[in-house]
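Structure, as structure tokens:
The values are calculated or read from the model by the stated rules, or taken from the named source; none is laboratory data. Because the structure is predicted, anything quoted here is derived from the model rather than measured. Heads up, the Cβs are rebuilt from the backbone with ideal geometry, glycines too, and the neighbour counts pull from every protein chain shown.
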Amino acid sequence: MTRLIAIAVLALVATATNSRAQSACPSVSVSCVGTNKWCDPPFFFLATVSNTDPKQKISFEWTVANGQIVSGQGTSVIKVVGNLVNKTLTASVKLIGLVPECTGLVASVSLVDWGRMAPPPVVVEEFGNVSADEVKWRLDSFAIHLRNQPGAMGYIVTDGKWSKAKRAIEYLVTKGLSAERLRYVPGNKKKLLVIKLYLVPAGAVPPKS
């Protein structure tokens, strides 16, 4: 069951470009293949070439982002190891040995394990220069979200000058949150005041001002 879930969340996106596309030039595509047709690690990438002269000798120049080629460089199939956690693994191939008018023929495929990718930060509350009572109930809402996601961080990001940021963090601590889970990111103090309260899941890239 674990294997099936992992496969279900694996997304494939393939692209192919040819800067000098000619009808006489071959076409190439890249796919991820594996045992029993599942694309499981270690990953095997296959370059498929069509519309080519059988007498023409073609080799394959592979590059991989966020992974390492274990074997197969120069051939149509490579074996790759890599960790997809919070990353996109991309395999690209360039055909070598084509006639000059067909140079620049490249194809790639990217793998994204959405099941392991950290979701992006979420703005839970956004407000400006409001009353103290409204600030309080917005902070109460923020605290509830953070308590419901114990692994998440809370970020207070502001544009404009907000003198209540320190007191806001202190208030959140009284709501049962650890100060270590809270961050304040001040922005341009000359801008109109805007306060955003972010819920940042574990592993996500924190917001900037």
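Couple of notes before you dig in:
- Candidate set from the range 57-114 (those that are basic (Lys, Arg) and under 23 Å from the mean Cα position of the chain (by Cα)); member that is modelled with the lowest pLDDT: Lys87
- Of all the residues in the range 152-209, those that are under 21 Å from the mean Cα position of the chain (by Cα) and hydroxyl-bearing (Ser, Thr, Tyr) number 3.
- Residues that are over 17 Å from Val28 (Cα atoms) and among the hydrophobic types (A, V, I, L, M, F, W, C) within the range 65-93 comprise Ala65, Ile69, Val70, Val80, Val81, Leu84, Val85, Leu89, listed in sequence order.
- Qualifying residue in the range 127-135 (condition: within 21 Å of Pro206 (Cβ to Cβ) and surrounded by fewer than 20 Cβ atoms within 10 Å (Cβ to Cβ)): yes
- Any hit, the range 80-101, residues being of a type in the set (Gly, Ala, Ser) and not in a strand (DSSP E or B): yes
- Residue match in the range 8-20 (condition: outside any strand (DSSP E or B) and either of a type in the set (S, T, N, Q) or at pLDDT 50 or above (or both)): yes
- Any hit, the range 129-145, residues being assigned to a strand (DSSP E or B), at pLDDT 90 or above and of a type outside the set (S, T, N, Q): no
- Condition met for Tyr198 (in contact with a Pro (Cβ under 9 Å, 6 or more places away or on another chain) and surrounded by 12 or more Cβ atoms within 10 Å (Cβ to Cβ)): yes
- Some residue of the range 159-173 being part of a strand (DSSP E or B) and either surrounded by 15 or more Cβ atoms within 10 Å (Cβ to Cβ) or not acidic (Asp, Glu) (or both): yes
- Entry remark, the range 30-50: residues being over 23 Å from the mean Cα position of the chain (by Cα) and at pLDDT 85 or above number 5 in total.
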